[in-house]
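Following: one structure in structure tokens, then a few remarks.
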Amino acid sequence: MRITLCQGILTGAIFLNLLILYYVSRAQQQMMEKRKEHGKSFKKAALPISALGGGPAGFPGPGGDPAAVGAGPNTRGPRVTVLLREFEDFENYVGDVADSFLRQRPELPFLVVADAPPYPPLALPDGARLLVLAPRPDQPPQAHRPEFHVQTEFVLLVPDGVELEAPRAIERLIKELEGEGGGPVRLVASPVLVRSAVRCLHLRVNLREWTATYSAAASGSSGSVCTALEGDAVVLIRAEDLFNLSAPLSRPLFPSLFVQTTLRGWKVKLLESPCFSANRRPLFSSAHNQWKAEARLKDSTGKLMRSFGLKRLLLPDGKEQWHGCGKETPRCFGTVRDDTPDYLYLDRWTPPCCLRALRETAKYVIGILESSGVRYWLEGGTLLGAVRHRDVIPWDYDVDLGIYLEDVANCDHLRNLDSGSLVDANGYVWERAVEGDFFRVQYSEANHLHVDLWPFYSRNGVMTKDTWTEHKQDVEFPEHFLQPLVATLFAGINAYAPNNHRAFLELKFGEGVVENPQYPNPAKKRLDRAKL
């Protein structure tokens, strides 16, 4: 068969293309192999970071052995990471605690967690590692995230100064937790020193009212099941549960932990035994260091509660702790727009510290008005709160009082306000409001929670004003509602109010307003009455 010139050229071109395709394919394969090698070398380079704690809970870190992630009794690796979070850098026994556990159980990972590098630096034994939560610009994000530093199924939270004397005590805690079968008990605790050093508490958290309430729980012979602990204890929790909390290791650890677990419906079981020893008691060798520790605890508790949106704590002994605004601080919310304070959009009501300040200011102003001979009455939403709650409406943000304009001259605090504001001897600020022709009394110069005083005068038997606001309830009304004024209970005192509450309120707000609560501006935010 004779091959023509054209056929020869075509055959050569095909052969050349096949040759080019072969070399291109081989070059791509070599590039892929290089990328794989680069990935392996990157993992090896990243290993020192993961060596600070490995991968996420339940997963091996880079280069880790999946079998070592102890998710079951037959795995080769340890099932528990011992984690120490609560200590003070100026005086602690962290090194001794780590040495105690690692001497008895050298196979257990021991992790110390601090917000910032401790100063002076910690002296840790081999096998104990430090995790600093504060991010650094030269490290990847997982370097400071605790969930990347625990490879075990469980985490044992231990306080400073505790010692491990019975090596099998940890297995007893695991057995107790596994015996609960994934029910509401998601944490198991063992006392430090003696059982009486720690007690079970019942905790109720009401985020809508910014309040946490602690009460004592009964103790049983086989252990107590409750929602919070008070005192020193060692706590076992599954790593998966711990790191599913939004703030798993915030300080103070126990208040942070139990607020979050309570909101999820979890419980803690406090056992009678085993007890962990703690020869390092008291933790601090001087009164000064004890004072420093208490001051830091108070400060960290305040920061934690504010971050969780808890302004008021009711303690088991009946005392209260407040973590919201006061006379020396700004109020807890900013400028109110469209009659809807910002907290309503968060499905919360007025912070209790604000309600307290409104009550105090209202009582104070009412006392001044009464002693000065100024006729006043509960107005608008304040009267509605008195009728419905005998108090400020739980989601209200100010107090409204009507006054007779002709009586303003009787009150030293009001008659000269055209020339500016007045800060009285008790720190309350009296001023003429810039929004209209009315008066305002603020809780303090810093905290602008306030009582508004609305001056009315009688014209042909109708109470009226010269200027009006856009509020629906700011309307004229017959003077007979004020003849006579009647006393009604409001915020713990007897205050004057119109003589026909229901008719007055329905004139202002509409029929059925007493029985049908609603937020001030339903067009912006409606009240879910099913949650009342």
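The values are calculated or read from the model by the stated rules, or taken from the named source; none is laboratory data. Bear in mind that the values here come from a model prediction, so they are computed numbers and not experimental data. As a convention, Cβ positions derive from the backbone with ideal geometry for all residues, glycine included, and neighbour counts pool all protein chains shown. The accessibility values were calculated without ligands, DNA or RNA, using every heavy atom of the protein model including side chains. Shrake-Rupley method; radii C 1.70, N 1.55, O 1.52, S 1.80 Å.
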Inset, instruction - Go through region 322-350 and count every residue that is within 21 Å of Arg251 (Cα to Cα) and open to solvent by less than 70 Å² (accessible area, probe 1.4 Å). - result: 2
Inset, instruction - Give, as residue ranges, the strands (runs of 3 or more DSSP E) completely inside region 139-227 that count at least 1 residues that are open to solvent by 30 Å² or more (accessible area, probe 1.4 Å). - result: 185-191, 198-206, 211-216, 224-226
Inset, instruction - Within region 268-298, track down each residue that is open to solvent by 50 Å² or more (accessible area, probe 1.4 Å) and modelled with pLDDT of 95 or more. - result: Ala287, His288, Gln290, Trp291, Lys292, Glu294, Arg296, Leu297, Lys298
Inset, instruction - Sort through Ala362, Ala386 and tell me the only one that's surrounded by fewer than 23 Cβ atoms within 10 Å (Cβ to Cβ) and of a type in the set (Gly, Ala, Ser). - result: Ala386
Inset, instruction - Consider only pairs whose beta carbons are under 7 Å apart and that are at least six residues apart or on different chains; among these, list those whose first residue lies in region 311-339 and is assigned to a strand (DSSP E or B) and whose second residue is modelled with pLDDT of 95 or more and acidic (Asp, Glu). - result: Arg312/Glu320; Leu313/Glu320; Leu314/Glu320
Inset, instruction - Filter region 299-316 down to residues that are out of contact with any strand residue (DSSP E or B) (no Cβ under 9 Å at 6 or more places or on another chain) and open to solvent by 60 Å² or more (accessible area, probe 1.4 Å), then give me how many there are. - result: 4
Inset, instruction - Please indicate, with yes or no, whether at least one residue in region 371-381 is among the small types (Gly, Ala, Ser), over 14 Å from Tyr457 (Cα atoms) and within 40 Å of the chain's Cα centre (by Cα). - result: yes
Legend entry - Residue count, region 228-254 (criterion: open to solvent by 40 Å² or more (accessible area, probe 1.4 Å) and either in contact with a Pro (Cβ under 7 Å, 6 or more places away or on another chain) or over 15 Å from Val158 (Cβ atoms) (or both)): 6
Inset, instruction - Only residues that are under 16 Å from Val392 (Cα atoms) and free of Cβ contacts under 8 Å to residues at least 24 places away in the same chain: list them for region 488-514, please. - result: Asn494
Legend entry - Answer residue from region 265-298, given it is within 28 Å of the chain's Cα centre (by Cα) and assigned to a strand (DSSP E or B) and is nearest to Asp96 (Cα to Cα) among those: Leu270
Legend entry - Residue that is of a type in the set (Val, Ile, Thr), closer than 23 Å to Gly492 by Cβ and part of a strand (DSSP E or B), where the choices are Ile393, Ile403: Ile403
Inset, instruction - May I ask you to list the residues in region 494-532 that are more than 30 Å from Tyr364 (Cα to Cα) and surrounded by 14 or more Cβ atoms within 10 Å (Cβ to Cβ)? - result: Lys525, Leu527
Legend entry - Matching residues in region 121-138 - criterion: being open to solvent by 70 Å² or more (accessible area, probe 1.4 Å) and either polar (S, T, N, Q) or under 14 Å from Asn92 (Cβ atoms) (or both): Pro121, Ala123
Legend entry - Subset of region 472-493 (residues that are open to solvent by 30 Å² or more (accessible area, probe 1.4 Å) and small (Gly, Ala, Ser)): Ala487, Gly492
